[in-house]
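Data block below; observations after.
The values are calculated or read from the model by the stated rules, or taken from the named source; none is laboratory data. As the structure is a prediction and not an experimental result, all values here were calculated from the model. FYI the Cβ positions are ideal-geometry reconstructions off the backbone, even for glycines, and counts take in every protein chain you see. The protein model used for the area step is the full one, side chains on, heavy atoms only, and it has no ligands, DNA or RNA in it. Shrake-Rupley method; radii C 1.70, N 1.55, O 1.52, S 1.80 Å.
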Amino acid sequence: MEPLVLFLYKIRDCAVLNGGIVMASNTPEPVDKSFIDVRNESSGAERILQFIEVASGDFGSPLPENDDAKHDFFEKGRDLESAFVNHKYTEAEKKLLGEYESLDYLPPHSKVYRQWLHQQPSRIDWDHWVMMGLIGFLVGTLGFFLHQFIDILAELKWEKARNFIEEGNFLYAWLWVTAISILFVFISSSSVVLLRPSAGGSGLPEIIAYLNGTIVRHIFNIKTLIIKFVSCIFAVSSGMPVGPEGPMIHLGSLVGAGCSQLKSSTLKIKLPFFKRFRNSEDRRNFISAGAAAGVASAFGSPVGGLLFSMEEVSSFWNMKLSWQTFFCCMVSTFTSDLLNSAFTAFQYEGNFGLFKTEKYILFQVVRRIDLNIIALIPTVIVGMLGGLMGTAFTFLNLKIARARRKFLSFMKSKRVKQILQISEPIIIMIIMGTLSVYLPTLLPCSTFTCDHSNEKSECFLHNGIHIEGNVEFYNCPVRKRENESTLRNMSYNEAATLLFLTGDKAIHHLFSRETHLEFNFMSLLVVLPSYFFLACWAAGTSISSGVVIPKMFIGGLIGRIVGRLMVEAFGVQRDLYWAWMDPGAFALIGAAAFFGGVSRLTMSLTVIMVELTNDVQFLLLIMVAIMVSKWVGDYVTHPFYHAQLELKCIPFLDSEPVILFDGEKNLNLELFEAGHVMSSPVVTLETEVSVSHVAKLLSETNHCGFPIVKKLNGTSTFFGLITRTELSVLLCHEEIFNCDPSMLLSAVDYSQFCDDDVEKLSKSVRFLDLLSNLRREEYSEVHINLVPYANKSAVHVQEDFSLHRAYIIFRSLGLRHLVVVNEKNEVVGIITRKDLMGYNIEEKLLKILNRPDSFISQEMTFVTEVR
């Protein structure tokens, strides 16, 4: 403590007065040894919090300002654009892109960070495995409760409606379905709109953006978790054309974020456990694992969850994270299956620990069919249809979203906007409920016979073709048992079998094997367009919902139609060689194709479909359908979740940039240099800088990173990097002003830079008042030593460094800033995430290519003439 006392003798005594800091005296006065330790974590956090107001609330993703830009409905480069073409943003959208801040994947390698590491336990792996197991267990339990609540509420709705239909009271059935559905949807949408807009939708685009390095507010908050959970239950139970899988992934990420940090600014708690996980790298790794565990719990697909997180969600991956995430997915799946083994709708059924096939595998395929190489031909056709329909789904969804945004922009009243946002899903539900009750009445009943003479209790159509026994009778006539063995002349409604129940049960019917004639063309063609449109409309409304179940349902309908066409052309094939001509088999292939056409997933989707159905024989056909649908879809639109990021104007860096010249020629970025896209000139700071200069810098600029330079032989050479947030935190600690550089311990602990609340400093009114006070003349003589807080491992490249390799380094390391220096190591520019976005690279490089005096332009002209 003695060195600290000597140090405090030297610094200027400051006092907080009327919300600002004023100099009490220029003469050091003795400081009592009982003075609070400036390195104490809790006191430092409290000092920062005094400059942060209570958050104004969650208003969801910010929207771009209205501009006069007009676009054709099918304009290229907007919603209708190849995956090999960059999205075209308006000026208002570019402005919104610039408002998002980024974050580094790796912590800053500064002196205070190394001191913090010394205080942490020795780096062993057991605590990572413990945390991964805890996340998996909690996500699996959460998934169990989510599905149990959905089953209870959905059964309550449909069971009562069936009773009314059997009695012939269609009006009562419609009133009941509509009333209960409106109630459920109202709870779902109002909770999102009024309490937590960030809980709306699936949450997947926001998670992808965050793990790519963009800060998205409010998505990892305890309030978001609660509202997401409640809204998803009521949205899916209502009968909306949505599913729980997307929200389950977001819930898993929320559990991963909260569990690993063991702190909450909302609940005002900060537990003293696993403190070394409170850094950007570990937090993002646990969020990735939580997302994978969400997939594993939702689909019962642990390997698929691992691959989904690696392929779609995460931008940074390593082998060690693969093992730990696999363990997390295993625990999540095991927990969900263990609880589901004994409970259905919270009713204990015994057999705890007995993993029954019908519960363990969601869409179990009972009857297996041998694969035939000839089946590749219709599989390619189904893949093409899935790709085209998938792009149509994405395109229509984007158009509806833009129309919704434009319509709401005309409403000046916040209350009116909220009423409209709550009303929209209610309107969709009224249409869906009306179709579910009245659409089946337009279609005839189909008769069948069930034989109960043996344990199998098989059912057949009049021509001897097998059908399922759990079809929906609806209002079709059912006769009594004529003898002890058979029940004759039963009848069912095909449309009701698809609409008068939840989406996952309808998918069961579509995937059923050896039921060639269970669904006729009329029922399939009537249900497909209506459900397709409503699912497009519902995806994007203010409810917590996903599109996985709708994608599988729509794809199943497409595949079933193709299968029925083959049955009509070649008849019902019972021969082993031609048994693959089964509409149920092609419903599975169609589901995979449409899913792939929308999402463009490949490896993870293949594994998920196999784990969902346990149908390994059709693995090759599933892979072919997915690849064909991806190839077709990539030529028409961007992947669904990436298109959502573009719609919401959230910055995202793809794994590889695609830059076109004149809309046709693909530019090779190896021909260009980092200096061609860097931002310059750059605002730099010296290793020791005045307080007033830092305050003025933060007040007058919006830059989020500042290179630190050090004088060496009269040249300002690059020394390190410091972020805006770190400078803001330092200004809240007056005790470090005029700090003695010889002090062994830094005055501000690294943990204070990691607190979630520090990100709010720059927009806090109290902090802005502090900046205005610190800009006064007397603070020009007060200095801060930035050496202990500088990131000395900040990546920097030469000005003539390859642009392509700079992009790879930036994205692979998850950088926030890439400093550009010249041959003398002087800072000449800086590259940020916005500089490396596709549209920005194109704009900057085209300016260079259009200059006749540029070397690259002359080089390209020479090459063209030689050819």
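Per 10 Å bin from zero, what fraction in whole % of the C-alpha pairs of the stretch 245-311 is there, up to the bin with the longest pair?
24, 45, 24, 6
Ignoring any ligand, DNA or RNA, what whole percent of the accessible area of the stretch 618-725 comes from carbon and sulfur when the probe is 1.4 angstrom?
Here carbon and sulfur together make up 51 percent of the probe-accessible area.
How large is log10 I(q)/I(0) at q = 0.14, 0.15, 0.17, 0.18 Å⁻¹ when the Debye formula is applied to the Cα atoms of the stretch 597-756, each weighted equally and without solvent?
Log10 of I(q)/I(0), two decimals: -0.93, -0.98, -1.12, -1.19.
State, in angstrom, two size descriptors of the stretch 165-296 derived from its alpha carbons: Rg to one decimal place and Dmax to the nearest whole number.
Every Cα atom of the stretch 165-296 included, Rg and Dmax give 18.1, 65 Å.
Along the charge dipole of the stretch 70-113, which of Ala92, Leu103, Leu80 sits closest to the positive end, that is, farthest toward it, with unit charges on the beta carbon of Lys, Arg, Asp and Glu (+1, +1, -1, -1)?
Projecting each Cα onto the dipole axis, the largest value belongs to Leu103.
Going highest first, how would you order 372-381, 143-152, 534-543 by mean Cβ packing within 10 Å?
Highest mean packing first, the order is 534-543, 143-152, 372-381.
What do you get for trypsin sites (Lys or Arg not before Pro) in the stretch 556-597 restricted to DSSP loop and a cutoff of at most 10 other Cβ within 10 Å of the site's Cβ?
Passing sites in the stretch 556-597 are Arg574.
Alpha carbon centre of the stretch 591-655 versus the stretch 819-835: separation in Å?
38
Mind jotting down the distance between the C-alpha centroids of the stretch 685-706 and the stretch 550-571, whole Å?
64
Place +1 on the Cβ of every Lys and Arg and -1 on the Cβ of every Asp and Glu in the chain, take the dipole about the Cα centre, and give the residue among Tyr172, Leu117, Ala401 whose Cα lies farthest towards its positive end.
My answer, from the dipole projection, is Tyr172.
Just want to confirm a number: the relative contact order over the stretch 400-474, from Cα pairs under 8 angstrom separated by 6+ residues, in percent.
Over the stretch 400-474, the number comes to 13 percent.
Between the stretch 87-111 and the stretch 375-402, what is the separation of their alpha carbon centroids in Å?
32
Which whole-number value in Å² is the accessible area per residue of the stretch 110-252, probe 1.4 Å?
Accessible area per residue, the stretch 110-252: 36 Å².
Dipole size in debye (nearest 20) for the stretch 228-360 around its Cα centre, Lys and Arg Cβ +1, Asp and Glu Cβ -1?
780
Calculated FRET efficiency, Glu781 and Val130, Cβ-Cβ r, R0 56 Å, to nearest 0.05? Working shown, then result.
On the way: r = 52 Å, r/R0 = 0.92.
Efficiency computed from Cβ-Cβ geometry: 0.60.
Which one of Ile208, His128, Phe706 is farthest out on the positive end of the charge dipole of the chain, using unit charges on Cβ (Lys, Arg +1; Asp, Glu -1) and the Cα centre as origin?
Ile208
If packing is taken as the mean number of other Cβ atoms within 10 Å per residue, what is the order of 721-732, 700-711, highest first?
Highest mean packing first, the order is 721-732, 700-711.
Please compute the Kirkwood hydrodynamic radius over the stretch 758-800, one decimal place, Å, based on all pairs of different Cα atoms.
Values: mean 1/r = 0.0730 Å⁻¹.
It works out to 13.7 Å.
Counting only heavy atoms of the protein chains, get the accessible area per residue of the stretch 582-710 (1.4 Å probe) and round it to a whole Å² value.
Spelled out: the 1.4 Å probe surface of the stretch 582-710, per residue, equals 34 Å².
Suppose accessible area is computed on protein heavy atoms with a 1.4 Å probe; arrange Trp317, Trp158 from highest to lowest.
Working: Trp317 70, Trp158 15 Å².
The most accessible residue leads, giving Trp317, Trp158.
In deg cm²/dmol, rounded to 500, what helix-only [θ] at 222 nm does the chain give when every DSSP H run of at least 4 residues adds -39500 (n - 2.57) and the total is split over its residues?
Helices in the chain give a 222 nm mean residue ellipticity of -16000 deg cm²/dmol.
Hey, can you rank 211-223, 340-352 by average C-beta count inside 10 Å, highest first?
In decreasing order of mean packing, 211-223, 340-352 become 211-223, 340-352.
By the gyration tensor of its Cα atoms, with a ≥ b ≥ c the square roots of the eigenvalues, what is the shape of the stretch 635-721: rounded for a/c under 1.5, prolate for a/b over b/c, or oblate?
Oblate.
Can you tell me the relative contact order of the stretch 545-679? Whole percent, Cα pairs under 8 Å, sequence separation 6 or more.
Relative contact order, the stretch 545-679: 20 percent.
Classify the stretch 254-355 as rounded, prolate or oblate, taking a ≥ b ≥ c as the square roots of the eigenvalues of its Cα gyration tensor: rounded when a/c is under 1.5, otherwise prolate if a/b is larger than b/c and oblate if not.
It is oblate, given that a/c is not under 1.5 and a/b is not larger than b/c.
With N set to the residue count of the chain, report its C-alpha Rg divided by 2.2 N^0.38 Å to two decimal places. Can you show the working numbers first?
Numbers: Rg = 30.7 Å, N = 867, 2.2 N^0.38 = 28.8 Å.
Compared with the compact-globule rule of thumb, the chain sits at 1.07.
What accessible area per residue comes out for the stretch 293-415, rounded to a whole number of Å², with a 1.4 Å probe?
Each residue of the stretch 293-415 exposes 46 Å² on average to a 1.4 Å probe.
Going by accessible area, probe 1.4 Å, with all protein chains left in place, what is the ranking of Thr434, Thr333, largest first? Working shown, then result.
Details: Thr434 45, Thr333 10 Å².
In descending accessible area the options line up as Thr434, Thr333.
Please say if the stretch 124-194 is rounded, prolate or oblate, where rounded means a/c under 1.5 for a ≥ b ≥ c the square roots of the C-alpha gyration tensor eigenvalues, and otherwise the choice is prolate for a/b larger than b/c and oblate otherwise?
Since a/c reaches 1.5 but b/c is at least a/b, the shape of the stretch 124-194 is classed as oblate.
Quick check for me: using +1 on Lys/Arg Cβ and -1 on Asp/Glu Cβ, what's the dipole size of the stretch 346-424 about its Cα centre, in debye to the nearest 20? List each step's numbers first, then the result.
Details: 13 positive and 4 negative charges, 181 e Å.
Dipole about the Cα centre, nearest 20: 860 debye.
On the full set of protein chains, 1.4 Å probe, figure out the accessible area of His642 and give it in Å² to the nearest 10.
40
Could you order Val598, Val636 so the one with the most accessible surface comes first? Probe is 1.4 Å.
On the way: Val598 0, Val636 40 Å².
My answer, sorted largest first, is Val636, Val598.
What is the magnitude of the charge dipole of the chain about its Cα centre, with +1 placed on the Cβ of each Lys and Arg, -1 on the Cβ of each Asp and Glu, and no other charges, expressed in debye to the nearest 20?
Result for the chain is approximately 980 debye, rounded to the nearest 20.
With an 8 Å Cα cut-off and a minimum separation of 6 or more residues, compute the relative contact order for the chain in percent.
Value for the chain: 19 percent.
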